[in-house]
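Let me begin by presenting the structure, written as structure tokens, before commenting on it.
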Amino acid sequence: MDSMNEAGVSNTIASPGTETTGIVKNDGSCIPLRKLGSFEIPAIITGMWQVAGGHGTIDVKKAVNEMKLYAFAGLGVFDMADIYGPAEEIYGMFCKEYWGSKPIRGFTKFVPRYGNSGADTRPVVEAGIDRSRKRMGVATLDMVQFHWWDYSDRRYCDAMKWLYTLQQEGKIKELGLTNFDTEHMAKIVEDCGIPVVSNQVAYSIIDTRPEKKMVAWCLQHNVLLLAYGTLLGGFLSEKYLGRPEPRRPDLTTSSLSKYKYVIDQWGGWALFQELLLALSQIANKYRVSISNVAVRFIADKPAVAAVIVGARLSISEHIASNQAAYSFPGLDEGDVALIQSVVKKGSELPGDCGDEYR
Ligand SMILES: NC(=O)c1ccc[n+]([C@@H]2O[C@H](COP(=O)([O-])OP(=O)(O)OC[C@H]3O[C@@H](n4cnc5c(N)ncnc54)[C@H](OP(=O)(O)O)[C@@H]3O)[C@@H](O)[C@H]2O)c1
């Protein structure tokens with residue numbers, strides 16, 4: 001029997017109840033599809049923060065072509081934001097050129113300006129949504145995930161009501177949140193009465209903040225999680241196994257800088273090497289990679305709809321290697337126990353989801 005944490009959440013890997021069919025790839029393995037609102041999305045989706053700058057120079061034409069390959073491989077749900085540089089425009093170019101039969105989706109975010117000026121008014125919210133529609137070249141945005149900087153400014157409810165109005169008017173298909181903590185996600189849904197299908201939060205082997213309160217709330221209210229940071233910007237891979245601790249100049253992307261800080265908060269580089277070693281033992285057992293194990297560890301957790309794996313489009317490509325995350329049956333109790341025996345030597349990250357943004 002698996003163990004339960006304080007939130008009553010199972011610590012072993014459980015199949016989400018929302019799974020539907022699978023995308024069968026050439027070698028017979030499959031990435032499951034899961035229901036998220038009115039969509040069926042694969043358990044792995046593709047993140048586009050990496051085209052926003054700070055991750056190397058993007059070749060747009062090559063990036064668009066690579067997105068087609070992601071889509072052909074069943075990884076054609078792309079996560080972006082109005083603040084991710086050219087991401088929405090690149091998605092728009094991709095949509096114009098894509099002719100494949102595998103479904104594609106563009107999930108974006110509405111991130112009000114710092115200080116939230118005007119975000120409680122229809123003109124400002126509508127202008128933001130119209131700008132995303134124009135850049136992405138779609139009449140209806142598949143998904144808008146709402147971010148808010150400052151909970152002491154309670155206008156988040158007004159902003160969300162305008163997004164809901166625009167959804168009713170057909171400009172948005174599904175509404176979600178990003179980086180909301182449990183308390184304020186509950187306020188949006190229960191007090192403001194706005195139905196959201198998801199919250200996008202950091203969730204990885206060493207950042208299990210969602211398990212404190214959020215997962216239990218999500219399961220009760222039928223809201224799912226889209227997990228990011230699951231590969232810690234690439235640190236959870238063979239590339240860093242047995243490597244000396246990176247110095248500041250070695251942190252060549254914004255995500256490596258971001259997640260090195262998370263590793264340090266949790267337990268530091270020596271303990272992280274112990275974790276990579278344990279993950280590599282499990283990976284070898286299933287003939288997959290450390291990244292595959294890290295993705296499955298989170299993707300199959302309760303309340304998780306999908307893991308967002310960032311792609312440095314046109315610079316580095318991990319299509320087949322990410323498909324392989326579903327080429328094995330999944331982690332068993334012994335695997336999970338081994339991972340947790342190392343994880344618990346570190347410190348639990350403080351606070352709730354998204355606290356680092358406030
Ligand atoms: N809501 C928010 O505040 C927020 C914040 C951060 C991210 N996100 C979303 O989440 C996405 C993920 O970004 P992230 O920063 O969290 O990064 P991540 O997914 O943890 O890491 C992405 C990096 O992992 C490496 N990688 C990917 N697949 C791999 C594989 N199969 N094997 C080995 N290495 C692999 C790649 O590194 P190389 O390119 O070096 O090969 C890639 O750039 C973003 O694009 C964005 O959509 C949202």
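The values are calculated or read from the model by the stated rules, or taken from the named source; none is laboratory data. It should be emphasised that the depicted structure is a prediction, and the values quoted were computed from it without experimental measurement. Cβ sites come from the backbone with ideal geometry, for glycine too, and all protein chains shown count toward neighbours.
In region 218-237, which residues are more than 8 Å from the ligand (Cβ to nearest atom) and in a helix (DSSP H, G or I)?
Correct list: Cys218, Leu219, Gln220, His221.
Among the residues of region 121-137, write down those that are closer than 24 Å to Phe94 by Cβ and among the polar types (S, T, N, Q).
If the condition is that a residue be closer than 24 Å to Phe94 by Cβ and among the polar types (S, T, N, Q), then Ser132 is the only one that fits.
Taking into account only those residues within region 33-80 that are more than 10 Å from the ligand (Cβ to nearest atom) and polar (S, T, N, Q), which is farthest from Val223 (Cα to Cα)?
Thr57
Answer with yes or no whether Ala325 is touching a strand residue (DSSP E or B) at 6+ places or on another chain (Cβ under 8 Å), farther than 27 Å from Gly53 by Cβ and within 12 Å of the ligand (Cβ to nearest atom).
yes
Mind checking which residues of region 288-322 are within 14 Å of the ligand (Cβ to nearest atom) and at positive phi? It would help to see each step written out before you state the result.
From region 288-322, those within 14 Å of the ligand (Cβ to nearest atom) are 288-299, 304-322; that's our starting set.
Correct list: Ser314 only.
For region 325-358: of the residues being more than 30 Å from His184 (Cβ to Cβ) and in contact with an Asp or Glu (Cβ under 9 Å, 6 or more places away or on another chain), which is modelled with the lowest pLDDT?
We begin by selecting, within region 325-358, every residue more than 30 Å from His184 (Cβ to Cβ); these are 325-339, 341-342, 345.
If we keep only those that are in contact with an Asp or Glu (Cβ under 9 Å, 6 or more places away or on another chain) too, we end up with 327, 330-331, 333, 336, 342, 345.
Numbers: Ser327: 93, Gly330: 96, Leu331: 97, Glu333: 97, Val336: 98, Val342: 98, Lys345: 98.
Top of the filtered list is Ser327.
Testing His221 on (1) crowded, with 16+ Cβ neighbours inside 10 Å; (2) touching a residue at least 12 places away in the same chain (Cβ under 8 Å), one condition comes back false. Which one is that?
(1)
May I ask you to verify whether Tyr240 is within 29 Å of Ile90 (Cβ to Cβ), crowded, with 21+ Cβ neighbours inside 10 Å and of a type in the set (Phe, Trp, Tyr)?
Answer is no for this residue.
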